[in-house]
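Handing you a structure now.
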Amino acid sequence: MYLMSFDKMSGLNLKKNINTISAVLDIGSDKIICLIAKNTISENYREKFEILGLGHQKSSGFEHGSIVDPSNLELAIRKAIEDAENMSSLTIDKISVNITSDKVESNLFEISIPINDTQVTKRDLEKALSIAAEQNESSDKLIFETIPLGFSIDGVDLIEDPVGMYGEKLNINLNNLTCAKGIIQNISNVIESAHIQLERIIFTPISSAVATLSSDEANLGSIVVDMGAGTTSYSIFSDNIFRYAGVVSYGGNNITIDIARALSISMSDAEKLKILYGGVLTNSYDNGDTVTIRQLGYAEDTNSEKQIHKSTIADISRTSALDTLERVRSTIQNISPSLLNQKRVILTGGASQLIGIDDLASEIFQSPVRRAVPKLISQDFDISDPIFSNSCGMLTYSQNEIFVNKKITTKGLSYNQGNNFFTSLMKWFKDSF
């Protein structure tokens, strides 16, 4: 089976999207980021983005990839979008939004269309589209994106454009991303409550990889691990093709919680200690340095403060980070042990900034590890931080048409299929980033 190459996943449609305005919304457990950008052409005729506005707000009402308080989340989303609009002097009417739920499923399948030794036509592909829209969808699950993986005719693989070719049977390989209808509905409702149209839902591990992974790394074999606050997502590549993606509901906030519980301190104090002293190396702070902490439940004029070794904070952080990375490795191992073979690990996301996290990941995966920031460069905004990896990848990914051109509605969660799906497919991720 031929799979979509990473070069195409990270490429852009040069002609169609120049000078168009894009808006993306990265919803996380700790932060919400809105980017508004215009597509331009660089000196080497590759498309790039001119970021016009950036909104960055503290998240509220969103935990571990799920909406827990729609009203608070809506307010935070509104503020992030307003900040980006004010900065760009633009008003946006539609936006692409990420999904980072462990309920997302990746379903590979193949559709066979008999062509009986005649030429492949667009009608044949439209028939395949109709079949694809029904695959893996059930009363409780919804397809939010179908990713084309490739064509073959009579066993000949690597065909990019089958229209006009002859053969007996056309095979189309696809990947349906599905999620529980309730989760999709909740995302749609919150976005619409903020008076903006939901244009597209993008799976976080894919967009994070688009923002940080190089073609050589995708070819040699890599696992991109995006360590967020409430979740850690992963995507797997080898031989320059996308293999698998998923999410575990553990992240940097779990480290904060473990510190707070172990030391009996507030979450805000635990977060500060994690940032300042939460290195995960085994020899962190061996010199016996201490820090003063204030324990919960004590009045300020009593014995509320005590000294704690910095190495203790590092040990708690290491144990918690180890648990998160082990969960990722175990999940991949359970899918297929071969997915772990000879893979580099690329770390990104806010929690990847912990001191020593790359060494810890190298121990767990028994692989070389690189900490990554977005490849996207802006002259006016400092986005050279791993917290922007997903939102930058969303900008790139959102500019490519999906195979099944769908529009989410809140009335019965129906989809409207586009008529130009084949043109979109052939231009989908055409050039490398």
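The values are calculated or read from the model by the stated rules, or taken from the named source; none is laboratory data. Small disclaimer: the values here were computed from a predicted structure and weren't measured. All Cβ positions, even for glycine, are placed from backbone atoms using ideal geometry, and neighbour counts span all protein chains on display.
Conditions first: (1) free of Cβ contacts under 8 Å to residues at least 24 places away in the same chain; (2) surrounded by 21 or more Cβ atoms within 10 Å (Cβ to Cβ); (3) not small (Gly, Ala, Ser). Val97 passes all but one, so which condition is the exception?
Val97 satisfies every listed condition except (1).
Here's a check for you: in the stretch 282-294, which residue that is at pLDDT 80 or above and closer than 21 Å to Ser320 by Cα is farthest from the chain's Cα centre (by Cα)?
Thr290
From the list Ala80, Ala128, which residue is at pLDDT 90 or above and among the hydrophobic types (A, V, I, L, M, F, W, C)?
Answer to the selection: Ala80.
Now for a separate question. With the structure loaded, tell me whether Leu90 is out of contact with any Gly (no Cβ under 6 Å at 6 or more places or on another chain) and either over 29 Å from Leu177 (Cβ atoms) or outside any loop (DSSP other than H, G, I, E, B) (or both) or whether it fails that test.
yes
Could you list, in sequence order, all residues of the stretch 353-396 that are among the small types (Gly, Ala, Ser) and either touching a residue at least 24 places away in the same chain (Cβ under 8 Å) or not in a loop (DSSP other than H, G, I, E, B) (or both)?
Hits for the stretch 353-396 are Gly356, Ala361, Ser362, Ser367, Ala372, Ser378, Ser389, Ser391, Gly393.
Let me ask something else. Can Glu271 be described as of a type outside the set (Ser, Thr, Tyr) and closer than 19 Å to Ile387 by Cβ?
yes
Ok, one more. Looking at Ile206, Ile172, Ile201, which is the one that is buried (at least 16 other Cβ atoms within 10 Å of the Cβ) and in contact with a helix residue (DSSP H, G or I) (Cβ under 6 Å, 6 or more places away or on another chain)?
Ile172
Between Ser112, Ser130, Ser96, Ser71, which is over 24 Å from Gly350 (Cα atoms) and part of a strand (DSSP E or B)?
Ser112
Of (1) within 22 Å of the chain's Cα centre (by Cα); (2) at pLDDT below 85; (3) not β-branched (Val, Ile, Thr), Leu73 satisfies all except one. Which?
(2)
Exactly one of these conditions fails for Phe242: (1) under 18 Å from the mean Cα position of the chain (by Cα); (2) within 21 Å of Ile33 (Cα to Cα). Give me its number.
Of everything listed in (1) under 18 Å from the mean Cα position of the chain (by Cα); (2) within 21 Å of Ile33 (Cα to Cα), Phe242 misses just condition (2).
If only one of Ala260, Ala245, Ala229 is free of Cβ contacts under 8 Å to residues at least 60 places away in the same chain and surrounded by 17 or more Cβ atoms within 10 Å (Cβ to Cβ), which one is it?
That would be Ala260, the only listed residue that is free of Cβ contacts under 8 Å to residues at least 60 places away in the same chain and surrounded by 17 or more Cβ atoms within 10 Å (Cβ to Cβ).
Working only within the stretch 133-158, note down all residues that are part of a strand (DSSP E or B) and either exposed (fewer than 14 other Cβ atoms within 10 Å of the Cβ) or free of Cβ contacts under 8 Å to residues at least 24 places away in the same chain (or both).
Answer for the stretch 133-158, where residues must be part of a strand (DSSP E or B) and either exposed (fewer than 14 other Cβ atoms within 10 Å of the Cβ) or free of Cβ contacts under 8 Å to residues at least 24 places away in the same chain (or both): Val156, Asp157, Leu158.
Which of the residues belonging to the stretch 159-169 are touching a Pro at 6+ places or on another chain (Cβ under 9 Å) and either exposed (fewer than 14 other Cβ atoms within 10 Å of the Cβ) or hydroxyl-bearing (Ser, Thr, Tyr) (or both)?
Glu168 - this is the single residue of the stretch 159-169 that is touching a Pro at 6+ places or on another chain (Cβ under 9 Å) and either exposed (fewer than 14 other Cβ atoms within 10 Å of the Cβ) or hydroxyl-bearing (Ser, Thr, Tyr) (or both).
Looking only at residues that are surrounded by fewer than 12 Cβ atoms within 10 Å (Cβ to Cβ) and of a type outside the set (S, T, N, Q) in the stretch 115-129, which one is farthest from Leu177 (Cα to Cα)?
Only one residue fits best here, namely Asp117.
Moving on to the next point. Among (1) under 28 Å from Asn175 (Cβ atoms); (2) at pLDDT 90 or above, which single condition is Ser60 missing?
(1)
Out of Leu296, Leu276, which single residue is closer than 15 Å to Ile355 by Cβ, surrounded by fewer than 18 Cβ atoms within 10 Å (Cβ to Cβ) and of a type in the set (A, V, I, L, M)?
Leu276 is the lone residue from the list that is closer than 15 Å to Ile355 by Cβ, surrounded by fewer than 18 Cβ atoms within 10 Å (Cβ to Cβ) and of a type in the set (A, V, I, L, M).
Against the condition outside the structural domain of Asn240 (by TED's automatic domain parsing) and in a strand (DSSP E or B), how does Leu125 come out, does it pass?
No.
Rundown of residues vs (1) over 23 Å from Ser96 (Cβ atoms); (2) crowded, with 17+ Cβ neighbours inside 10 Å; (3) among the aliphatic types (A, V, I, L, M), yes/no style:
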{"residue": "Gln333", "(1), (2), (3)": "yes, no, no"}
{"residue": "Lys343", "(1), (2), (3)": "yes, yes, no"}
{"residue": "Leu347", "(1), (2), (3)": "yes, yes, yes"}
{"residue": "Ala351", "(1), (2), (3)": "yes, yes, yes"}
{"residue": "Leu360", "(1), (2), (3)": "yes, yes, yes"}
{"residue": "Ile383", "(1), (2), (3)": "no, yes, yes"}
